[in-house]
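Heads up: the structure comes next, in structure tokens.
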Amino acid sequence: MEAHELIMLIYVFVLAIFVGFELITKVPPTLHTPLMSGSNAISGITIVGALLSAGLEEFTISTILGLIALIFATINVVGGYLVTDRMLKMFKKK
Amino acid sequence: MQTITYIVYLIASILFIFGIKRLSSPKTARQGNMLSSLGMLLAVVVTLFDQRVLTFEYIIIGLIIGAAIGALMAVKVPMTGMPQMVGLLNGFGGGASMLVAFAEYYHILNTTGPVIQAATSVTIVLSVLIGAVTFTGSLIAFGKLQGLVTGKVVKYPGQHPLNALLLVAVLVAGVMVILDPSKTDMLIGIGIVSLILGVLLVLPIGGADMPVAISLLNSYSGLAASMTGFVLQNNMLIIAGALVGASGIILTIIMCKGMNRSLMNVVLGGWETAGAGGAAAAGGADAHKGDVKSVDAEEAAMIFDAAQSVIIVPGYGMAVAQAQHAVRDLMNVLESKGINVRFAIHPVAGRMPGHMNVLLAEAQVPYDKLYAMEDINDDFPNTDVVFVVGANDVVNPAARNDPSSPIYGMPILNVDYAKTVIVNKRSLNVGYAGISNELFYYPNTLMYFGDAKEAINKLVNELKEL
């Protein structure tokens, strides 16, 4: 990766942080726990990187690392979304 | 195909954003979580068609094992265990980021040889550092919340210099890897030292500071995902990670404000001014103050029965005693008598942001009865009875009127302004900050001793008989 490519990625990163701040400040305190577990599931997006490594054609150390990463990330994603849904189901108005 | 992949990644990014946007109301929140998970599904499916993905056996194994463990955890965890669960999930996210960075590093070495551009090496090093710290830090946080690791503030000599030294070592080694990417041992060293650093950074943090630690680790797990995005040059990962990073940071700031402490103060461990000696002295002095009035279930029931408005203030003690259902029963019996019942939730009540809200939601307390501190604090003077369940420091008036108190300046629920305050607690023991609570000695305060669940059940029975 060239330096200018890195800079473009940093652009995206910085702008996304601003979007994140705007969105999250509007989440009411009552939903802060589901926000944490739900956003936590989103951070399991690393699963994409794990898939790319675990699916490499040749079996190398990258495959093993990718497989463990895949297990971790899948726990993160599946567990995160399911438990968030379980919590949000309970929030009811009178 | 590459173009389609990128378009789907863009759609997934948009779904994540809309998913979080829908969390702005409990009505749309569940739908938001579904949108977000749909984005994740799309991202995973389209990645399986990536030209790099050629073998599927390990992918299938990984997905099945991960999904089984994740689903099992999500179904089994009790609502009182939610802080641990989130802590653990943070850790898995961080661990995955670290491992992907290593996998990518070896992949580049195997395919293009030991020449890695500086921009790529920088992202790999940062990804390993943040991922590793998140991984072990979260495991320690999990251990503390689960009671496997001491929940106390851990201090030892040379703590801060040691952490600083380790961080400097990681950075120096990082520069060496960037200058010469073939130094595999050096990158492994960075990983190991970062893992140790994660343990050392979270170990000193005390139990009641966990809301801050968990929020911060949540933020790290997002940053770790972003760093993986930098390594893979994938905008979707960068966006998703940045959203989570921002979320964690905002929650961290809210939690710190709720305790009137700087992030530095929390991370470095403990209430700076509340040394063990000071706390013991304060506790000793107050122990002789006397003048604590206590009531039994029958007397308490009569006071409730005569009230028109009641505010319930839950704290971590309610979670420990699993008393949320008993509290719901109390609410129901009071409402059946025409009494107005509301809940006041302090931002740092419990062990993670929103902890009390989830527990009460589980017990089917409608969320519109739950009020944030700033929305209800002015109503205490017009309230007949305040019932404090397992909360302590967040209702200590010393935070308002005793400049010598370590919690002075912390925003509190002004329960002492109510006509009568009934405090349910097991004993007169000090709260987390290690200071006694002058509220217990106030003329309008009545102590109702006992385990929250048992005591409230007794109270409910008495109320039913009245």
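Within 10 Å of each residue's Cβ, count the other Cβ atoms and sort A:THR63, B:THR3, B:THR123, B:THR134 from fewest upward. Mind showing how you got there, number by number?
Values: A:THR63 19, B:THR3 7, B:THR123 23, B:THR134 32.
With the sparsest Cβ surroundings first, the list reads B:THR3, A:THR63, B:THR123, B:THR134.
Two decimals, Cα atoms only, Kirkwood Rh: what is Rg/Rh over chain B? Please list the in-between numbers first.
Numbers: Rg = 25.4 Å, Rh = 24.4 Å.
With Rh from the inverse mean 1/r over Cα pairs, Rg/Rh is 1.04.
Along its principal axes, what span do the Cα atoms of the protein assembly as shown show, with the longest given first and each in whole Å?
79, 50, 35
Quantify how strongly other chains surround peptide B:123-132 by giving the mean number of their Cβ atoms within 10 Å of each of its Cβ atoms. Please report the intermediate quantities before stating the final value.
Numbers: counts 3, 0, 0, 0, 2, 0, 0, 0, 3, 0.
Per residue, the number of nearby Cβ atoms from other chains is 1 on average.
Taking a cut-off of 17 Å between Cα atoms, list the aspartates and glutamates near B:LYS293, but don't count ones fewer than 8 places away on the same chain.
Cross-link targets: B:ASP416, B:GLU438.
I'd like the Kirkwood hydrodynamic radius of the stretch B:348-394, using the inverse of the mean 1/r over distinct C-alpha pairs, in Å. Walk me through the intermediate numbers first.
On the way: mean 1/r = 0.0825 Å⁻¹.
Its Kirkwood hydrodynamic radius stands at 12.1 Å.
Kirkwood hydrodynamic radius, the stretch B:284-465, all distinct C-alpha pairs: what's the number in Å?
Working: mean 1/r = 0.0621 Å⁻¹.
Hydrodynamic radius (Kirkwood, Cα pairs) of the stretch B:284-465 is 16.1 Å.
When Cβ neighbours within 10 Å are restricted to other protein chains, what is their mean count per residue of peptide B:211-221?
Neighbouring Cβ atoms belonging to other protein chains average 2 per residue here.
Sort B:ASP384, B:ASP291 so the one with the fewest other Cβ atoms within 10 Å of its own Cβ comes first. The partial results should precede the final answer.
Numbers: B:ASP384 17, B:ASP291 9.
Fewest-to-most ranking of B:ASP384, B:ASP291: B:ASP291, B:ASP384.
What do you get for Rg/Rh of chain A when both radii come from the Cα atoms and Rh is the Kirkwood radius?
On the way: Rg = 17.5 Å, Rh = 15.8 Å.
Ratio value, two decimals: 1.11.
What's the Kirkwood radius of the stretch B:144-234 in Å, using all Cα pairs? Write out the running numbers ahead of the final one.
On the way: mean 1/r = 0.0663 Å⁻¹.
After inverting the mean inverse Cα-Cα distance, the result is 15.1 Å.
Hey, got the average number of other protein chain Cβ atoms within 10 angstrom for residues in B:50-61?
Partner-chain Cβ atoms within 10 Å, mean over residues of B:50-61: 5.
Need one number: convex hull volume per residue for the stretch B:1-76, Cα atoms only, in Å³.
Working: hull volume 5.9 nm³, N = 76.
Normalising the Cα hull of the stretch B:1-76 by residue number yields 78 Å³.
Starting from the Cα of B:LYS257, draw a straight line to each of the aspartates and glutamates and keep only those under 15 Å, dropping any in the same chain fewer than 8 residues away.
B:ASP209, B:GLU374, B:ASP393
Grab the stretch B:1-157 and count how many Lys pairs have their alpha-carbon atoms under 27 Å apart, sequence gap of 8 or more, or different chains. Provide the component values of the computation, followed by the final result.
Numbers: B:LYS27/B:LYS76; B:LYS76/B:LYS144; B:LYS144/B:LYS152; B:LYS144/B:LYS155.
Taking the Cα cut-off of 27 Å, the pair count is 4.
With no solvent and one point on each alpha carbon, what is the Debye value of log10 I(q)/I(0) for the stretch B:89-267 at q = 0.08 Å⁻¹?
Debye curve over Cα of the stretch B:89-267, log10 I(q)/I(0) at q = 0.08 Å⁻¹: -0.25.
Using DSSP to call loops (not H, G, I, E or B), can you name the GluC sites (Glu not before Pro) in the stretch A:14-64 whose Cβ has at most 14 other Cβ atoms within 10 angstrom?
Working: sites: A:GLU22, A:GLU57, A:GLU58; in loops: A:GLU57, A:GLU58.
Here the GluC sites (Glu not before Pro) that fit, given the DSSP loop and packing criteria, are A:GLU57, A:GLU58.
Straight-line reach from B:LYS453: which lysines have Cα under 17 Å away, leaving out those fewer than 8 places along the same chain?
B:LYS425, B:LYS464
Read-outs throughout are calculated quantities, based only on the coordinates presented, and are distinct from any laboratory measurement. Small disclaimer: the values here were computed from a predicted structure and weren't measured. No Cβ is skipped: glycine too gets one built from the backbone with ideal geometry, and neighbour counts run over all protein chains shown.
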